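Student: Dropping a structure here in structure tokens format, bear with me for questions.
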Amino acid sequence: MKSEYLYLLSGCILLVLSCTGTNAPDEYAETTPLRNFKAPFYFGLFELPENNPLTLEGVALGRMLFYDTRLSKDSSISCATCHQQSKAFTDGKKVGIGIRGQKTERNTMSLANMLWSTSHKFWDGRVAGLEEQALLPIENPTEMDLKISELLLRLNDDSVYKEKFKSAFHTPAIREKHVARALAQFQRTLVSQDSKYDKFLRGELQLSEQEMRGLQSFFTHPDPSAGLRGSNCGDCHRNFLTDGFSSGFDGFANNGLENDEHLEDGLFSVTKNPLDKGKFKVPTLRNIALTAPYMHDGRFHTLEEVLEHYNTHTRMSATLDVLIREASNEHREPNDPVDLKLTKEEKSDIIAFLKTLTDSTFITNKKYASPFRQNPY
């Protein structure tokens with residue numbers, strides 16, 4: 001395993017990208033490209049919208065908006081209320097808490113490595129891009145409850161914001177699209193790339209024997225007939241990013257939380273395809289030790305509970321992911337319950353590996369923190 005990883009990463013360098021292209025709109029003509037934006041090549045390629053390149057001015061503006069409570073109706077919460085840097089941009093709650101203490105429907109997802117995730121956002125995939133996603137919580141009556149028209153009045157009445165929007169988008173009037181683009185730019189810079197696992201991938205340190213066993217189990221689909229034991233996590237949580245696959249709706253799966261009788265719509269509410277019922281977005285496992293509780297409804301409080309679900313409590317349904325349905329470390333008959341049959345030691349190994357995904361640099365990086373002097377989050 002060690003030699004395989006060193007072979008894959010023998011030429012590992014950091015990509016240094018100029019993120020504005022020749023097709024960028026005129027409104028970016030006087031902006032400063034984010035030239036020293038760095039990301040490890042093993043994360044793979046990413047694409048930026050032609051109408052929203054990364055710029056110094058746009059990212060700085062998006063950071064301000066992200067932490068500004070004036071994006072909510074009564075100026076009580078900001079995007080950062082639910083997406084707290086110390087918790088890898090989650091909030092530690094079962095479901096998000098919006099304005100006036102209202103509970104949202106879903107658990108708050110981490111914003112790490114958004115550049116590489118599927119373009120379909122939210123747990124059910126109901127929007128097709130980060131710019132569109134950025135605005136919906138603002139108007140949602142349960143979350144921030146502020147009409148975009150009212151937000152634009154607030155921003156256009158603020159001399160500091162008017163100047164910053166002018167610098168970022170060369171516009172005399174702040175518009176809805178500019179708010180969305182600025183927030184999306186900032187979120188795209190939230191790259192988690194300095195965990196113990198990353199340092200291992202870069203050849204800077206070695207994982208312990210237990211962590212290596214956990215890594216191998218994580219990326220192995222069990223096959224009793226071939227003597228292969230594994231936890232098949234990597235079947236859904238892809239390669240080094242440990243999130244869902246980014247093509248189309250490939251990054252959505254039914255992971256066996258409910259049987260057919262209690263199955264939620266999930267992706268089906270968007271596609272209307274019966275085969276998508278019960279499917280939800282596969283989240284990144286980067287910083288997973290910091291982002292409890294887990295699942296779209298926050299039902300599990302610990303990593304141990306998550307593993308127990310896959311090990312012995314996976315529920316059968318018509319749309320259960322086939323790679324979960326077939327995965328077991330012991331021979332199963334077709335009508336046997338779905339379970340992995342991991343040993344106690346194997347579960348401990350996997351959790352040890354998952355903890356190597358914690359990136360202390362990511363949760364303390366001042367570039368991601370509030371630009372305001374007082375930061376209650």
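Student: When the chain is fully extended, how far beyond the present Cα-Cα distance does SER76 get from ALA128, taking 0.36 nm per residue of separation?
Tutor: Using 0.36 nm per residue and subtracting the Cα-Cα distance, I get 15.9 nm.
Student: Mind putting a number on the dipole of the chain about its Cα centre? Charges go on the C-beta only, +1 for Lys and Arg and -1 for Asp and Glu, and I need it in Debye to the nearest 20.
Tutor: So the magnitude is around 1140 debye.
Student: If r is the Cβ-Cβ distance from ARG373 to ASN51 and R0 is 35 Å, what FRET efficiency results, to the nearest 0.05?
Tutor: Given R0 = 35 Å and the Cβ-Cβ separation, E is 0.55.
Student: Based on the Kirkwood radius over alpha-carbon pairs, what is the Stokes-Einstein translational diffusion coefficient of region 60-206 at 20 °C with 1.002 mPa s viscosity, in µm²/s?
Tutor: 132 µm²/s
Student: If you fit an axis through the alpha-carbon atoms of helix 176-188 and take the longest principal axis of the Cα set of the chain, what angle between them do you get, 0 to 90°, nearest 10?
Tutor: Approximately 50 degrees, to the nearest ten.
Student: Measuring from a point 7 Å past the Cα of LYS38 along Cα-to-C-beta, which residues in region 180-197 have an amide N at less than 17 Å?
Tutor: Answer for region 180-197: 189-197.
Student: Skipping prolines and chain starts, which residues have an amide H placed within reach, meaning under 5 Å, of the one on ALA88, given they are 5 or more residues away or on another chain?
Tutor: Correct list: empty.
Student: Roughly what would the spin-label model give for GLU333 and LEU205, points 7 Å off Cα along C-beta, in nm?
Tutor: That separation, rounded to one decimal, is 4.9 nm.
Student: Where in region 91-133 is the amide nitrogen less than 18 Å from a point lying 7 Å along the Cα-to-Cβ axis of LYS272?
Tutor: Correct set: 125-128.
Student: Placing +1 on the Cβ of each Lys and Arg and -1 on the Cβ of each Asp and Glu in the chain, which of LEU257, PHE169, ILE350 has its Cα farthest towards the positive end of the resulting dipole?
Tutor: PHE169
Student: Quick one: what does P(r) look like for region 242-320 with 10 Å bins over all Cα pairs, in whole %?
Tutor: Going out from 0 Å in 10 Å bins, region 242-320 shows 18, 49, 30, 3 percent.
Student: If you take the charge dipole of region 273-377 about its Cα centre, with +1 on Lys and Arg Cβ and -1 on Asp and Glu Cβ, which of SER370, THR314, GLY278 is farthest toward its positive end?
Tutor: So the residue we want is SER370.
Student: Counting only other residues whose beta carbon sits under 9 Å from that of PRO172, what net charge do I get with K and R as +1, D and E as -1?
Tutor: Neighbour charge sum, excluding PRO172 itself: +2.
Student: Quote the FRET efficiency, to the nearest 0.05, computed for GLU30 versus ASP157 with a Förster distance R0 of 25 Å and r equal to the Cβ-Cβ distance.
Tutor: Working from the Cβ atoms, E equals 0.55.
Student: Taking the 0 to 90 degree range and rounding to the nearest ten, how far is the long axis of helix 159-169 tilted relative to the main principal axis of the chain, both from C-alpha atoms?
Tutor: That helix lies at roughly 60 degrees to the long axis.
Student: Test of understanding: ordering ASP158, ASP349 by Cβ neighbours within 10 Å, fewest first, what list do you get?
Tutor: ASP158, ASP349
Student: At 4 °C and 1.567 mPa s, what whole-number value in µm²/s does Stokes-Einstein give for the translational diffusion of the chain, with Rh from the Kirkwood sum over Cα pairs?
Tutor: D, rounded to a whole number, is 59 µm²/s.
Student: Which value, in nm² and rounded to one decimal, describes the direction-averaged projected area of the C-alpha convex hull of region 196-355?
Tutor: Mean projected area of the Cα convex hull: 9.9 nm².
Student: Just add up the charged neighbours of ILE288: K/R +1, D/E -1, any other residue whose Cβ is under 12 Å from the Cβ of ILE288.
Tutor: Numbers: positive: LYS87, ARG286, LYS355; negative: ASP243, ASP359.
Once all neighbours under 12 Å are counted, the net charge is +1.
Read-outs: derived from the displayed coordinates by stated rules, not from any lab. Values in this document were obtained by computation on a predicted structure and should not be read as measured data. Note: ideal-geometry Cβ built from the backbone for every residue, glycine included; neighbour counts use all protein chains shown.
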